[in-house]
Amino acid sequence: MPFTIATWNINSIRLRLPIVERVLRERQPDVLCLQETKCIDELFPFEPLAAAGYPHVLINGQKGYHGVATISRRPIALLETRQFCGIADSRHLSARLSAGGLDILLHNFYVPAGGDEPDPEINPKFRHKLGFVDEMRAIPATSGDSAASILVGDLNIAPLEHDVWSHKQLLKVVSHTPVETESFEAMRLGGNWVDLMRQLVPADEKLYTWWSYRARDWAASDRGRRLDHIWSSANLSGRLTGIDVLREARGWERPSDHVPVIARFDLD
């Protein structure tokens, strides 16, 4: 079996625990990284996840907002939960695990959405987002003490033209503005991260992971964006064997507006 890792903005782990359990049961990823868990650590549903075969859980939560969790079938060790922009919210968790004889450093991120107005002078949420991405430059894909690195999460930016349903119409919409996409790609390339989804899906093909709750019929209108990402260090990119975007999960009962993305590696 390949080594598999999934990322998913779940939009409340307690509210959507049944569909998390469904993904764990049907897809059985080795690791599932969740964002926007909206749960304090004391109320996190450890027992149902352990019963599903995932006894190793790392969390960085807060009440009602944000929050990340990394859930694993195999042992995983917490490295740090880092703050960005001097703001004490729960948007990052890094851990170490082993797969295929490699020591892997795994980052789980929830980048700020940025509000509605794409102007950092009048919108502090957008200024926070730009500052957050700028500080992510300090997290490179290669470091002296890890054989390989993976970075996943809801990064809240759709960087490429075909990562959104209409490049022209979304150029002034937060998540696809030039100031976001250019700084995002500069940060990724500067850190030597490989965009694994686009390694397998050509840049001229549409690729989405999020569909708004506001859409009357999300599937028919298909006005999506690729906000969720899986990156790796270059030495892992050659071992990638597949990417699955579980579009069907957007249509499940009480869904998140994001869907799981699963990467498969030839490691085990």
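The values are calculated or read from the model by the stated rules, or taken from the named source; none is laboratory data. All of these numbers come straight from a predicted model, not from anything done at the bench. Here the Cβ positions follow ideal geometry from the backbone for every residue, glycine too, while neighbour counts run over all protein chains shown. Accessible surface areas use protein heavy atoms only, side chains included; no ligands, DNA or RNA. Shrake-Rupley method; radii C 1.70, N 1.55, O 1.52, S 1.80 Å.
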**Request:** Report, by residue number, each residue of region 1-23 that is open to solvent by less than 20 Å² (accessible area, probe 1.4 Å), part of a helix (DSSP H, G or I) and either more than 20 Å from Y110 (Cβ to Cβ) or touching a Ser or Thr at 6+ places or on another chain (Cβ under 9 Å) (or both).
**Result:** I19
**Prompt:** Which one is least open to solvent (accessible area, probe 1.4 Å), of the residues in region 72-93 that are closer than 19 Å to R127 by Cα, touching a residue at least 12 places away in the same chain (Cβ under 8 Å) and of a type in the set (A, V, I, L, M, F, W, C)?
**Reply:** F84
**Fill in**
Log entry, pairs with first residue in region 5-29 being charged (D, E, K, R), second being open to solvent by 10 Å² or more (accessible area, probe 1.4 Å) and not in a helix (DSSP H, G or I), beta carbons closer than 6 Å, six or more apart or on different chains, reads E21/A52
**Residue list for region 85-123, restricted to those being farther than 22 Å from S149 by Cβ and not hydrophobic (A, V, I, L, M, F, W, C)** = G86, D89, P112, G114, G115, D116, E117, P118, D119, P120, E121, N123
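Per-residue answers, yes or no, for (1) at pLDDT 95 or above; (2) closer than 26 Å to D204 by Cβ; (3) open to solvent by 10 Å² or more (accessible area, probe 1.4 Å):
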residue	(1), (2), (3)
I122	yes, no, yes
K125	yes, no, yes
F132	yes, no, no
G144	no, no, yes
A147	no, no, yes
G153	yes, yes, no
**Item:** Test: E26 is modelled with pLDDT of 95 or more and open to solvent by 50 Å² or more (accessible area, probe 1.4 Å)
**Value:** yes
**Request:** Restricting attention to region 170-200, report how many residues are under 24 Å from R247 (Cα atoms), in a loop (DSSP other than H, G, I, E, B) and open to solvent by less than 30 Å² (accessible area, probe 1.4 Å).
**Result:** 3
**Request:** Take region 201-211 and flag every residue that is open to solvent by 30 Å² or more (accessible area, probe 1.4 Å), among the hydrophobic types (A, V, I, L, M, F, W, C) and touching a helix residue (DSSP H, G or I) at 6+ places or on another chain (Cβ under 8 Å).
**Result:** A203
**Item:** Candidate set: region 225-255, residues that are over 14 Å from G153 (Cβ atoms) and of a type in the set (S, T, Y); chosen: the one surrounded by the fewest Cβ atoms within 10 Å (Cβ to Cβ)
**Value:** T241
**Asked** Would you say L32 is under 16 Å from the mean Cα position of the chain (by Cα), part of a strand (DSSP E or B) and of a type outside the set (S, T, N, Q)?
**Response** yes
**Request:** Mind listing just one residue for me: the one in region 32-71 that is of a type in the set (G, A, S) and out of contact with any Ser or Thr (no Cβ under 8 Å at 6 or more places or on another chain) and, of those, most open to solvent (accessible area, probe 1.4 Å)?
**Result:** A51
**Request:** Under 9 Å between Cβ atoms, at least 6 apart or on separate chains: pull out the pairs that start in region 195-206 with a residue that is touching a residue at least 12 places away in the same chain (Cβ under 8 Å) and end on any residue that is open to solvent by 80 Å² or more (accessible area, probe 1.4 Å) and part of a helix (DSSP H, G or I).
**Result:** A203/E161; D204/E161
